[in-house]
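The values are calculated or read from the model by the stated rules, or taken from the named source; none is laboratory data. For clarity, every value in this text was computed on a predicted model and none was experimentally measured. Note: ideal-geometry Cβ built from the backbone for every residue, glycine included; neighbour counts use all protein chains shown. Ligands, DNA and RNA are excluded from the accessible area calculation, which covers all protein heavy atoms including side chains. Shrake-Rupley method; radii C 1.70, N 1.55, O 1.52, S 1.80 Å.
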Amino acid sequence: MPCCAFAAFLFGQLVLGFAVIKRAVLGRSAESERQTNAAVEWRLGEHGRSTPSKTLWRPRRLAMPLFALAALLEIALFFGAIYGVRAHLGHAHHEVVEAASVR
Amino acid sequence: MASYDLAGRYDVAAPLIRKDGRAGPITAARQRRTALIYATMCVVGLLPLFTGMSAGWQAAGLGLWFPGAGFLAVGGWAILLFPATLVFFALALFAWFGAGMVVAPLFVWIGAALAAASMTRDQIATASPYATAALIAAGSGYVYDRARRLKKAGLAKLEERNRYLPDTVVEVAKRAAPATAERELSPDDLAALRYALDRGLQPIGELGGFDKVDQFQTSALRYQINHLGYALALAQCHYTPSFHGYLSLAQRNLIEQYLQKPIWSYWIYESAWGHLNLTNPDPASKDNIMLTGWFGLHVGMYTSASGDRRYAEPGSLTFRRNRRRAFHHDLHSLERSVLQNFQDSEFCLYPCEPNWIYPICNHYGMTSLVLYDRLFGTSHAKFNLDRWLENLDREFTDDSGSVIGLRSALTGIRFPFPAAEAGFADFTNCFAPERARRMWAIARHDLEPLLRKDEQGQLRISLPGGGFDFGNYRQGWAGAYATFLNAAREFGDAEIADAAQRSLDLDCGRRDDGGILRYAKASNLSNAFAVRARIARRDDFRSAVTQGPPAAVFKGPILAEAKYPDVLVARARSQGDDLDLVLYPGAQPGSQKVRFERLRPGGMYAVTGASEDALRADETGTASIEVQLRGRTPVRIALRA
C-alpha cells in the first residue's frame, strides 16, 4: 500500500508537471482548439480610449483559494510520500530481520 | 543609395560559403571542457565501487554517471524513479533553455544521486553498473551516429550551395526591383498600420490586443512591443517622416510600455537562477541581448525616424523595480551594454538568457549598434564587426553554411532551434549587404520548390504541415510567411513577396472589417511582423538603419496633430519649405482640422487641397487648417516667396 501511494504521488506530480508545461507552452486547451486569436480582434475604442481590457496578471477571483487548496494538497502528498517511504523501508528492514532469525 | 558596407574582408565579391566542417575553436574548447567534466564525474562515480565503499555511496556514484542511474542501483520499486528522473531532467533542461535556469539540471542530477544514496540498503543491485554503462554506451552511440549523419548531410548541402550560389546570387541581383524613395501608403497599408497604431495608442499599463502567454520565451510581450515599434518607425521613416502627431505618440507609448515592470521583470528571475545574482538584476548590464539588442533597435529606430532625441537623455529609459530601486538607462547605456558584452564575450556574440547564445538576437544587437553609430557619430560597429562576423562564421555556422539557432555558452553544445537565412538576411543587409544577398539567394533557392499556383493561377507559397506561431505557440504559418515577405521586400524580389503576401492572405484568416487589416489565425507578434513586411520595399530596413529620413524633413514643416483614426496619413514629406501630404478619412468623409508645426514664424504658405488656399504661421511657427477628406486627399503647403 505505501508503495502504491508513493507511485500515485510520483504519477500525480508528473501529470501536474505536464499539465503546467502544456498550458505554458500551448496555452489553455479550450483556446488552442480555436482557430482564431481573440487578441487580434481587439481595437482601440472611440475617442482614443481603450476598450475595457484585461490588465496584466490580475488574479482571477478564485485564483488564491485554488492556489491554497493546491498547496495544501501538495504538502499532504509530500508528507504522505515520506511516510510511505519510511513505512516501506521499515517494513523491509523488519522482513530482513525476520528472514535472518528464521534461518 | 550610398554604399554602406562595414564588413571588409568577409564580404569580398565571391559569393561562395567558406566553411571547413570543423567546430569553431571556442566551441570545441567548451565541448572538451564539458566532456572532461563528465569524464571526471564518471571516474568519481566509479571510485565507491572500486574501493568497496558503502552501498549508498556506490548508488550515489552511479547517479553521477547518468541522471537517475542511482535508482537502478537501489533496485526494486525505486527503479521506477529512473524514468521519472529522466522526465524531471528533461523538464529541467526545458527550464534551462526556456528561462536560463542553469541550476535546474544540476539540481535534478545531483539531487537524484543523493536521493538514491539515501534509499539504498545493504547492497546495490548487481546488474546496475553494467546496465548503466550499457545505457550510456547506447546513448553515446546514437548521438555520435546522428551527429555523423547530420555532418555528412550538411557538407553535401554546402557543396550543393557552393555549386548553385554563383548563378543564384547574380539572378537575385537581376530580379531586385529598384529602391523607391517617393511613395505613399495604400489604403490596405493604412488599414494594416492601424493594427499597430491601435495597440500603440492605448494608455500605458494597458495591453489590450496583445497575446499574454509567458514572459520568458518568444511569445513574451517585449517582442510584441518591439515589433509594433519597428513597423511604426519604418512607416514614419519611409512614408511619413514629416508626420509626428499620433504616429510618434504611439511609438513613445510602446517604449514607455516596455519600461513597465511586468515586461522586463523576467530578468529579475533569470539573473537570480541563471547568474546566481540576487542583488542587482539590472536588465541592461550582463547578457540579456534579447532586451538591449531588440529594445536598443526599437528606441534607435524611433529616434532616427522622428528626430526626437529624448531617449538619449540620462535616465530617460528607467526600469523601475519598486519605489526604492530603479535602473536608470538611456539609449547610450543600452548600446554601451551591447558593446561591452560583445567585447567581453569570448564568442563575441553573447547570451540572451544566461548561457544561451542566440545568433538572431545578436543580429538585432549588431544592427542596433550600426544605427547608434549613425545617430551619434561613433564607430563601435566598425571596430567590432570583423571579430563578430569571424565568430559567427566559426562558432555559429553549421556544416551547410547556415547560421545556427542557438548554442550553449557553458557547454558549447548546439541545441535545435529553428533558424533560416530569410530571418537573418534583412539584419545582415544593414552591415554586410553582399553577405545578405548570398543569404537571400539561399533562402530563395530553398523556397522555389514550395511555390505553387493557386486556383486563380497566382503564385503562392505552400508550406507543409500546420506550422508553428512563435507568438502564441499555436499552429500557423503567419510568422513564416511574414518573414519571407519581409526578406523578399528587402531584396526587391517581387515574385516571392507577392507569393508570400498571397499566402498570408489565403491561409491566415485575413480580416478587413472596421478599417483594420489583421490576420485572425495569427499571434499578435506575427501580425506586427506582417504589418512591417507589408509596407516594406527594397532596402527599406537597411536604409532606415544606415541612413534614416532625408535631412530636409527635420528642418521643414511637420504635420503635428491630426485626429486618430479620423485622419489617416498616407504620405507626409517635406523638402525644407513645403509639406506634401496625402490623407484619407479613417472613419466618415468630412471636414477635419489638422495642425502644422515648424513653419517659418509669421510666414505665409500657399495651400492646395484644403478649405483655404493660404495660411499664416503664428510667431511659434504653428498653424491649423480644415481639410475636407473624401477618399484620397492630397494636401500641399509651400512657403510663398
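Residue pairs exceeding 23 angstrom between C-alpha atoms, taken from B:157/B:382; B:212/B:563; B:212/B:521: B:157/B:382; B:212/B:563. In the protein assembly as shown, with Lys and Arg counted as +1 and Asp and Glu as -1 at Cβ, which of these residues, B:401, B:427, B:127, has the Cα nearest the positive end of the dipole, that is, farthest along it? Highest projection toward the positive end goes to B:127.
With just the Cα atoms defining each centre, how far is the range B:282-356 from the range B:163-179? Give it in Å. The range B:282-356 and the range B:163-179 have Cα centres spaced 37 Å from each other. Per-residue mean of foreign Cβ neighbours for B:83-94 is 2 (Cβ atoms of other chains, 10 Å radius). The apolar share of the surface of the range B:360-512, taken as the fraction of accessible area on carbon and sulfur atoms (1.4 Å probe, ligands and nucleic acids excluded), comes to 52 percent.
When the square roots of the Cα gyration tensor eigenvalues are ordered a ≥ b ≥ c, the ratio a/c for the range B:318-387 is 1.5 or more and a/b does not exceed b/c, which makes its shape oblate.
In this structure, residue B:386 and residue B:32 have a Cβ-Cβ separation that, at R0 = 30 Å, corresponds to a calculated FRET efficiency of about 0.70.
Full extension of the chain between residue B:620 and residue B:600 yields a length gain of 6.4 nm, computed as 0.36 nm times the residue separation minus the alpha carbon distance.
Work out the length of the dipole vector of the range B:29-150 about its Cα centre, built from +1 on the beta-carbon of each Lys and Arg and -1 on the beta-carbon of each Asp and Glu, and round it to the nearest 20 debye. Spell out each step's value before the answer.
Values: 7 positive and 2 negative charges, 99 e Å.
That gives the range B:29-150 a dipole magnitude of about 480 debye.
Rounded, prolate or oblate: which fits the range B:115-274, taking a ≥ b ≥ c as square roots of the Cα gyration tensor eigenvalues, rounded meaning a/c under 1.5, else prolate when a/b beats b/c? Taking the square roots of the gyration eigenvalues as a ≥ b ≥ c, the range B:115-274 is oblate.
In chain B, a dipole from Cβ-located charges (positive for Lys and Arg, negative for Asp and Glu) runs towards its positive end, and of B:210, B:54, B:377 it is B:54 whose Cα lies farthest in that direction. The overall shape of the range B:229-330 is prolate: from the C-alpha gyration tensor, with semi-axes ordered a ≥ b ≥ c, the ratio a/c is 1.5 or greater and a/b exceeds b/c.
Note on the range B:242-400: the alpha carbon radius of gyration divided by the globular reference 2.2 N^0.38 Å gives 1.06.
The relative contact order of the range B:35-138, computed from alpha carbon pairs under 8 Å that lie at least 6 residues apart in sequence, is 33 percent.
What are the equivalent ellipsoid semi-axes of the protein assembly as shown, built from the alpha-carbon gyration tensor (square roots of five times its eigenvalues), in whole angstrom, biggest first? So the equivalent ellipsoid measures 55, 30, 23 Å along its semi-axes.
About the centre of its Cα atoms, the protein assembly as shown shows a dipole size close to 660 debye [charges on the beta carbon of Lys, Arg (+1) and Asp, Glu (-1) only; nearest 20 debye]. With contributions of -39500 (n - 2.57) from each DSSP H run of at least four residues, the per-residue ellipticity at 222 nm computed over the protein assembly as shown stands at -17500 deg cm²/dmol. Working from Cα pairs under 8 Å separated by at least six residues, relative contact order for chain B is 15 percent. Take the Cβ atoms of residue A:35 and residue B:80, set R0 to 35 Å, and the FRET efficiency comes out at 0.30. Which listed residue (B:154, B:314, B:634) has the Cα farthest towards the positive end of the charge dipole for chain B, taking +1 on Lys and Arg C-beta and -1 on Asp and Glu C-beta about the Cα centre? The listed residue farthest towards the positive side: B:154.
All C-alpha pair distances within the range B:542-595, sorted into 5 Å bins from zero, spread as 5, 18, 23, 20, 16, 12, 5, 2 percent across the bins. Reported to the nearest whole Å, the Cα centre-to-centre distance from the range B:586-641 to the range B:477-532 is 35. Annotation: extensible slack from residue B:94 through residue B:188 equals 29.7 nm (criterion: 0.36 nm per residue apart, minus Cα-Cα distance). With a point put 7 Å past each Cα toward its Cβ, work out how far residue B:256 is from residue B:103 in nm, to one decimal. Result: 3.8 nm between the two label points.
State the extension gain, in nm to one decimal, for the chain segment bounded by residue B:153 and residue B:378, taking 0.36 nm per residue of separation less the distance between their alpha-carbons.
Contour length minus the Cα-Cα distance gives 76.7 nm.
The magnitude of the dipole of the range B:537-641, with charges of +1 and -1 set on the Cβ of Lys/Arg and Asp/Glu and taken from the Cα centre, is near 320 debye.
Net charge of the neighbourhood of residue B:448, taken over other residues with C-beta under 14 Å away and scored Lys/Arg +1, Asp/Glu -1, is -1. Computed from the alpha carbon positions, the gyration tensor of chain B leads to an equivalent ellipsoid with semi-axes of 52, 27, 23 Å, biggest first. Taking the 1.4 Å solvent-accessible surface of the range B:247-311 as the whole, the part contributed by carbon and sulfur is 52%. Under 18 Å of direct C-alpha separation, and excluding same-chain neighbours fewer than eight residues apart, residue B:152 reaches these aspartates and glutamates: B:20, B:160, B:398, B:399.
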